[in-house]
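Down below is the structure, laid out as structure tokens.
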């Protein structure tokens, strides 16, 4: 019996499609509901970020609950930056009781980047500990202290990996570690540097890791040359080859967005041919309305319905 | 380190009413310049402090010169690369920079303390430096931290 | 050593302004080695303060004394005569020393003149870097001699985050990524495969999180 719709899709060997939305900087749930509804038919699950880039937003657990109430399938992102093991375990139990079935474990961007740089951070446990905690809760019905839970939260466990960060040779070891800890699926940082991504996938495939975990490649459509340059230089962990930046710069202002979508579709097509890759994760920041168009143009619509 | 006051105060006799002489302390490395007594500069009370090496200078000594009422302090050191003790002049430079920063924070002004590299025995350049310092001082004015009450100088 | 930085002159001046007979008390151990509060720093600061007050037309009486350490009574006692003659003490010791002096001289205002920062080393001329968090249960041998608690901004125990780039940390591009260091050292020692092992969550009870700590060496008490 599968835990979530996302797990259904992946276990059935289908090429999965997920996307991402960010909660609002305020208490208004309407925006996130609207964004999520835009995506509902063209993705298998929707990630909801957790105070991403350390900017204070409506909590992931509450935003995910809004989505559950709309009949949608959220992936609740959880960072270890802001909450200790007590709060995290507590939220996992609460999330399950509210109908949330997928959790993505992250350490989280450092607070100095965000809206509260003077805040004390937590980092009581790391993302690998969080993965292990979820696995033990699900499969052994125990919390971290060894206490038997009355109802065990059963989550489909995800984590992130960044094939574009250093040290490169360790990235696959880290993937193996997360698998050992119990991760079920991985979403990677967005792919622009295809060569490096293929190299990483090859290493993972050769080590047999792609059979043990479902890997989804991140993709992001570029809106403008400015966005491309910003992401390449100011966002940590993202690499964009010069060739792509040049393409965005050569395009006219009015057609730059189209070029960005074109590049995205080319990337998706190339990704689909990579051995061991099980899907894509579309991160269209502030451009969620383009996701249906991208999914359709990529030939991934309609989404399969697994009973 | 020997201290010698080269020129006694000629304060009120300068002919410009009762404008006191400007007080200048010159710390000089013995190798850069052994002796300032040959200099004759009116309107200036010159204190010459002879050092075996400019690296002997501690920050507190420079500050105490100002505490004693100096309007400006000049440090003369050998050119970079020719210090007999390798890095003495470099250390002196760092100390001068730290004290300049302090003087600015105090509000006295970092320009009252200057360091110059001097080719050995170049008394002419030394005189030029001193005269320039005095000329600049006339614009900046006297040390704004006055001598304590009861002192004979001012 | 404990590393600290002397407070800015302006801040110190403001804090000592209410007083008239100040004792600047230096410390000859850690703060001396990081140029924050040793004998030389005491002399320089005393002179700078006198000048600063003079500039406002004020005479501030300042006496100076430096003792070996301000974290031990044996040395603090030496300062008693000077303390008796002042109306405030400006201590240039680390936070531990300031508090010790304050507790030994009740009724005398004791002000800190140094911002104590971290447990660290002199990495190279002029550069002091943080090395130890004081977690109370050292396990650096599991990380090829590099502590991920004090040197990784996210205290990660199971490998680097996605922000490690060119061996540098996403938080400060001049800071080495601790995990890059750990991996490099493990590789050089031929023990990279050990880094696959799962390191469990830290028990923080032995760290400051468990409350202010003490070490009592009863075996040394007569």
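The table below gives the values:
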{"quantity": "Residues satisfying the stated conditions in the stretch A:89-112, i.e. within 11 Å of chain C (Cβ to nearest Cβ) and buried (at least 16 other Cβ atoms within 10 Å of the Cβ)", "calculated": "A:106, A:107, A:108, A:109, A:110, A:111"}
{"quantity": "Residue under evaluation residue C:84, criteria (1) in contact (Cβ under 8 Å) with a residue 24 or more places away in the chain; (2) more than 28 Å from residue C:128 (Cβ to Cβ); (3) more than 14 Å from chain B (Cβ to nearest Cβ), criterion not met", "calculated": "(1)"}
{"quantity": "Matching entry among C:118, C:53 (being surrounded by 15 or more Cβ atoms within 10 Å (Cβ to Cβ), in contact (Cβ under 8 Å) with a residue 24 or more places away in the chain and outside any helix (DSSP H, G or I))", "calculated": "C:118"}
{"quantity": "Selection from the stretch A:16-45 of residues that are assigned to a loop (DSSP other than H, G, I, E, B) and surrounded by fewer than 19 Cβ atoms within 10 Å (Cβ to Cβ)", "calculated": "A:24, A:25, A:26, A:27, A:28, A:29, A:40, A:41"}
{"quantity": "Residues (surrounded by fewer than 18 Cβ atoms within 10 Å (Cβ to Cβ) and assigned to a helix (DSSP H, G or I)) located in the stretch B:101-130", "calculated": "B:101, B:104, B:105, B:110, B:111, B:123, B:124, B:125, B:127, B:128, B:129"}
{"quantity": "Residues of the stretch C:21-43 that turn out to be under 19 Å from residue C:82 (Cα atoms) and either not in a loop (DSSP other than H, G, I, E, B) or not assigned by TED's automatic domain parsing to the domain that holds residue C:87 (or both), as a count", "calculated": "12"}
{"quantity": "Subset of the stretch A:70-119 [part of a loop (DSSP other than H, G, I, E, B) and closer than 26 Å to residue A:175 by Cα]", "calculated": "A:73, A:80, A:81, A:82, A:83, A:84, A:100, A:101, A:107, A:108, A:109, A:110"}
{"quantity": "Residue within the stretch B:55-74 that is over 15 Å from the mean Cα position of the chain (by Cα) and without any contact (Cβ under 8 Å) to a residue 12 or more places away in the chain present", "calculated": "no"}
{"quantity": "Meets criteria (within 8 Å of another protein chain (Cβ to nearest Cβ), surrounded by 16 or more Cβ atoms within 10 Å (Cβ to Cβ), farther than 22 Å from residue A:80 by Cβ and without any contact (Cβ under 8 Å) to a residue 24 or more places away in the chain) for residue C:156", "calculated": "no"}
{"quantity": "When residues of the stretch C:23-48 are limited to those that are surrounded by fewer than 23 Cβ atoms within 10 Å (Cβ to Cβ) and more than 8 Å from every other protein chain (Cβ to nearest Cβ), the one farthest from the chain's Cα centre (by Cα)", "calculated": "C:39"}
{"quantity": "Enumeration of residues in the stretch C:180-220 that are under 28 Å from the mean Cα position of the chain (by Cα), at negative phi and assigned to a loop (DSSP other than H, G, I, E, B)", "calculated": "C:201, C:202, C:203, C:207, C:212, C:213, C:214, C:215, C:216, C:217"}
{"quantity": "Boolean, residue A:56 is part of a loop (DSSP other than H, G, I, E, B), over 25 Å from residue A:139 (Cα atoms), under 18 Å from the mean Cα position of the chain (by Cα) and in contact (Cβ under 8 Å) with a residue 60 or more places away in the chain", "calculated": "no"}
{"quantity": "Breaking point among (1) surrounded by fewer than 24 Cβ atoms within 10 Å (Cβ to Cβ); (2) modelled with pLDDT of 95 or more; (3) within 12 Å of another protein chain (Cβ to nearest Cβ), for residue A:166", "calculated": "(2)"}
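The values are calculated or read from the model by the stated rules, or taken from the named source; none is laboratory data. Here the structure is a predicted model, which means the values were calculated and not measured. Ideal geometry is used to build each Cβ from the backbone, glycine not excepted, and the neighbour counts take in all protein chains shown.
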